[in-house]
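The values are calculated or read from the model by the stated rules, or taken from the named source; none is laboratory data. Keep in mind that what you see is a predicted model, and the values were worked out from it rather than measured. A quick note on method: Cβ atoms are made from the backbone with ideal geometry, for glycine too, and the neighbour counts reach across all protein chains shown.
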Amino acid sequence: MGGITYDMEIPSSIPASKMFKAIVLDADTLIPKIMPHAIKNVEILEGDGTCAGTVKIIHFGEGSKFKSVKHRVDALDAENMTHSYSIIEGDALMGVVESITYHIKIVPTEDGGCICKNRSIYNVKGDGHEITEDKIKEGKEKAMAMFKAIEAHLHANPDY
C-alpha cells in the first residue's frame, strides 16, 4: 500500500480557540447548518463524538456526488488545538483508497488570528491503484471551501 501526503496551511483572522471550537468541536452540527448541500448530517455510531475511538457516519448533502463516509477520531487535544481523524469506509474512497488520515493543528498568530495546518495522507490500496493529482486538488478545494464557509460564519456571528 502506498501513501500520498499533502500539506495545506490556511491563514485566518479568527482567533485560534474560536476556530478550533468551530472546525473541530462543533463541526458535526455547524457544518450541516451552514453547508447543508455538502453535509446533510453526522451520525455517531460509537463514542461521544470527539474522543479517540469515536466512529461516525457523515451523510453528504445533495450537492455531493458521494453518499457517505465512515469517520474515526484518532486523537483530539483541545489544549494544543490538534485533531487527527481517518476516513475508513465509504464511496468517497472510490475503491482506490484504503483510508484518508487528516492531521489538523490550529496555530495562533501574533495578530490575534490563526493558521490552520492540515496534513492529509491518502493510503492507496495495493500497488495497482493510483489516485490522480486532480482528485487530490478536488479534495483540497473542498477543504478550503469548508474552511472559508466556517470562517465567514464566524465573522457574521461574532458572539459564537
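Give me the pairs, please: first residue somewhere in region 67-81 and under 18 Å from Ala22 (Cα atoms), second residue anywhere and polar (S, T, N, Q) and at pLDDT below 95, beta-carbon distance under 9 Å, and either six or more positions apart or on two chains.
Short answer, once both residue conditions are applied: Val73/Thr50; Leu76/Thr50; Ala78/Thr50.
Identify the single condition in (1) free of Cβ contacts under 8 Å to residues at least 24 places away in the same chain; (2) closer than 22 Å to Ile121 by Cα that Glu46 does not satisfy, given that it satisfies every other one.
(2)
Would you mind stating whether Val107 is touching a strand residue (DSSP E or B) at 6+ places or on another chain (Cβ under 6 Å), closer than 16 Å to Asp7 by Cβ, of a type outside the set (Ser, Thr, Tyr) and touching a residue at least 60 places away in the same chain (Cβ under 8 Å)? First the steps, then the outcome.
On the way: touching a strand residue (DSSP E or B) at 6+ places or on another chain (Cβ under 6 Å): yes; closer than 16 Å to Asp7 by Cβ: yes; of a type outside the set (Ser, Thr, Tyr): yes; touching a residue at least 60 places away in the same chain (Cβ under 8 Å): yes.
Here the answer is yes, as Val107 does meet what is asked.
Among the residues of region 70-97, which ones are over 15 Å from Lys125 (Cβ atoms) and β-branched (Val, Ile, Thr)?
Let us first name the residues in region 70-97 that are over 15 Å from Lys125 (Cβ atoms), namely 70-85.
Val73, Thr82, listed by residue number.
May I ask you to verify whether Thr29 is without any contact (Cβ under 8 Å) to a residue 60 or more places away in the chain, closer than 18 Å to Tyr160 by Cα and β-branched (Val, Ile, Thr)? Give the derivation first.
Numbers: without any contact (Cβ under 8 Å) to a residue 60 or more places away in the chain: yes; closer than 18 Å to Tyr160 by Cα: yes; β-branched (Val, Ile, Thr): yes.
Against the criterion (without any contact (Cβ under 8 Å) to a residue 60 or more places away in the chain, closer than 18 Å to Tyr160 by Cα and β-branched (Val, Ile, Thr)), Thr29 qualifies.
Tally time: how many residues in region 45-54 are surrounded by 14 or more Cβ atoms within 10 Å (Cβ to Cβ) and more than 18 Å from Thr82 (Cα to Cα)?
1
Every residue, every condition in (1) surrounded by 15 or more Cβ atoms within 10 Å (Cβ to Cβ); (2) in contact with a Gly (Cβ under 9 Å, 6 or more places away or on another chain), yes or no:
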site: Ile100; (1), (2): yes, yes
site: Ile104; (1), (2): yes, no
site: Glu110; (1), (2): no, no
site: Lys125; (1), (2): yes, yes
site: Glu138; (1), (2): no, no
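Would you be able to say whether some residue in region 93-105 is more than 13 Å from Lys18 (Cα to Cα), modelled with pLDDT of 90 or more and among the polar types (S, T, N, Q)?
Within region 93-105, one or more residues are more than 13 Å from Lys18 (Cα to Cα), modelled with pLDDT of 90 or more and among the polar types (S, T, N, Q).
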